[in-house]
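So the structure is just underneath, and the comments pick up after that.
Rule-based calculations on the coordinates, nothing more; no lab input. Bear in mind that the values here come from a model prediction, so they are computed numbers and not experimental data. As a convention, Cβ positions derive from the backbone with ideal geometry for all residues, glycine included, and neighbour counts pool all protein chains shown.
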Amino acid sequence: MSTQSQTNVTIGLGFLERVILSTLTTLPCCVFFFINGTMLFTLRSKLVFRETSRYTLLCNLLFSDTMQMALGQILYLLSSCRIMVSYPFCGLLVMFANLTNEISPLTLVVMSLERYVAVCYPLRHATIITIRNTAVAIIVVWAFCSLNVLIRVLLLLDFPFSDLDSLQMKELCSSLLMFLTPMSDIYDKAYTCFLFTSAGIAVISSYIGVVIAARSASTDKASARKARNTLLLHLVQLGLSLSSTINNPLLLAISKTVSRVVFARMQNFLYVCFFILPRCLSSLIYGLRDQTIRPILVYYLCCRLTLSPQPKLRPKIHGVN
């Protein structure tokens, strides 16, 4: 899970090295917090973005990625500083981290379906993909993920919390808090497999549909080609989200072959690769690739220091930038 905190990530490392590693992970997060925050502000600052479904979905994707990155870094710093927290506080952090982690793949599925409709049913796109329907889709995504988190919480009721001396944790806060019972672990594996299998099938099917439609003489070739490239990016993003699920098995294999210090350093490296970088790519992919967003994003990133006026925005409902 990308919500897996780096439990005992710095055991075996000296104080100075812990400080350096914490700094090296926190600085990139701060940079991308600024970029993602600017991107979110950009998407909400212009009417054309607020009234276009794919930009509304992108805003939801960026919001969930930013929240996930923030919660993951909080868990990392708690572990790095070796701060023990209470079970309720840790559970709250882990619960929201699990929630935001699952929003991204489902949002990518909805974005892929939107591109499929835009290419394969261009005449019906405006009536099917409306702002109202997009808002309903986003609500359904959040409700589905919230239900999953609620089920995880209910599975914890079997754990004998009453036998604990106090609510203060004696170990570092970790998403393992959600897997205190064997049933919780089984449910997590089954749900993760179902989520990413279903999401992968949906994105791949959308891609195949667009490729088939691109061969039709009645289809806008340029629009189909851009949609195909966008769906490939969605598939890459989904793969990056999936990569975090192999973190624990990979660490388990590494721990049997290397020393404790090397293992702690590998944990930090994998944390950056699997947890930080995937959450930073959305703003770069869409912010720099989309010709409508790019000039406005650069304008705000440069703190509005520009000599040329902002370009006029014209919504492109069926095209993909």
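For the reader, a short list of remarks on this structure follows.
- For S86, nonlocal amide neighbours, meaning residues 5 or more places apart or on other chains whose placed amide H falls under 5 Å from its own, are M169.
- Reducing the stretch 96-142 and the stretch 12-41 to their Cα centroids gives an inter-centroid distance of 31 Å.
- One decimal place: the segment F34-L156 gains 40.3 nm when fully extended, by the rule 0.36 nm per residue minus the C-alpha distance.
- The trypsin sites (Lys or Arg not before Pro) of the stretch 101-160 that meet both conditions, a loop assignment by DSSP and at most 15 other Cβ atoms within 10 Å of the site Cβ, are R124.
- Förster radius 30 Å - calculated FRET efficiency between V261 and T23 (Cβ-Cβ, nearest 0.05): 0.95
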